[in-house]
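Read through the structure below, which is laid out as structure tokens, and then see the notes.
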Amino acid sequence: MSKYIAVYKSDSNNRKVLGEFNEREEAVKTLLKYGDEHVSYCLDSYDIRKEALSFRNNCVCGCGPSSLVIEEID
């Protein structure tokens, strides 16, 4: 069974692991909450991020080169 890691990347070299989860939806919720509290929404919105993470494992967001990432592990 796969597990999921929620990661915030502020640029190509900096990553912050937000948690490891058994369910993908829990990783999505954690990433959306973190993004809502810590990342500017100048170029996107909460709804855009939610939709992106529903279909992909990566969502580029904010005014800078940051992204919300789901990594799947076995």
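Each value in this text was obtained by applying a stated rule to the coordinates, not by laboratory testing. Owing to the predicted nature of the structure, the values given are computational and were not obtained by experimental measurement. Cβ atoms come from the backbone with ideal geometry, glycine included; neighbour counts cover every protein chain shown.
Details
- Within segment 1-50, GluC sites (Glu not before Pro) in DSSP loop having at most 11 other beta-carbon neighbours inside 10 Å: Glu23
- 13 Å beta-carbon shell around Ser67, net charge (K/R +1, D/E -1): +2
- Average projection area in nm² (convex hull over Cα atoms of the chain, one quarter of hull surface): 4.4
- Principal-axis tilt of helix 46-55 within the chain, Cα atoms, nearest 10 degrees: 40
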